[in-house]
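Novice: Starting off with a structure, shown below.
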Amino acid sequence: MRRHGLLLAAALLFVLAGAVARSRFTRVAVSGHSMEPALRDGDWLIVDRVPDRITRGDIVVARDPRMLDRLIVKRVARVGTDSELMLISDHPAHAGEVIGPLRAVDVVGRVRLRYWPLAR
């Protein structure tokens, strides 16, 4: 009986830890080629919705200022003194395109990890 109670407690802690983790982290799928070669269409990412800070070179998920109901995955080109971000793509076909300025509230989070597909 004691073993059953320990297993139940461990299961509850696991579920609770998952709920806490989900409140800070989310997952996002990459769609399109604009971030190649770093990220490819179909890649899945773990996004930290409460990053300690965002700096130049970070990859972020943000609301597209051109179409607010759409999310974009882009690299931070510049962080202004007022914390506004300028974003760019990695793919050479998008060279020279700059998205922004974006307010901090438009940033969903900072990409922490590409976890799928495993082969890459």
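The values are calculated or read from the model by the stated rules, or taken from the named source; none is laboratory data. None of these values were measured; they are calculated from a predicted model. Here the Cβ positions follow ideal geometry from the backbone for every residue, glycine too, while neighbour counts run over all protein chains shown. These area figures cover heavy atoms from the full protein model, side chains too; ligands, DNA and RNA do not enter into them. Shrake-Rupley method; radii C 1.70, N 1.55, O 1.52, S 1.80 Å.
Novice: Give the number of residues within the stretch 28-41 that are open to solvent by 40 Å² or more (accessible area, probe 1.4 Å) and touching a residue at least 24 places away in the same chain (Cβ under 8 Å). Quick ask: steps written out before the conclusion?
Specialist: Initially, the stretch 28-41 is screened for residues open to solvent by 40 Å² or more (accessible area, probe 1.4 Å), giving 29, 31, 33, 36-38, 40-41.
From what's left, touching a residue at least 24 places away in the same chain (Cβ under 8 Å): 33, 36-38, 40.
Result for the stretch 28-41: 5.
Novice: Residues that are crowded, with 18+ Cβ neighbours inside 10 Å, touching a helix residue (DSSP H, G or I) at 6+ places or on another chain (Cβ under 9 Å) and free of Cβ contacts under 8 Å to residues at least 60 places away in the same chain, at least 2 per element: which strands (runs of 3 or more DSSP E) completely within the stretch 55-120 meet that?
Specialist: Per the criteria, 85-88.
Novice: With respect to residue 47, is the statement that it is surrounded by 11 or more Cβ atoms within 10 Å (Cβ to Cβ), hydrophobic (A, V, I, L, M, F, W, C) and in contact with a Gly (Cβ under 6 Å, 6 or more places away or on another chain) true?
Specialist: Against the criterion (surrounded by 11 or more Cβ atoms within 10 Å (Cβ to Cβ), hydrophobic (A, V, I, L, M, F, W, C) and in contact with a Gly (Cβ under 6 Å, 6 or more places away or on another chain)), residue 47 qualifies.
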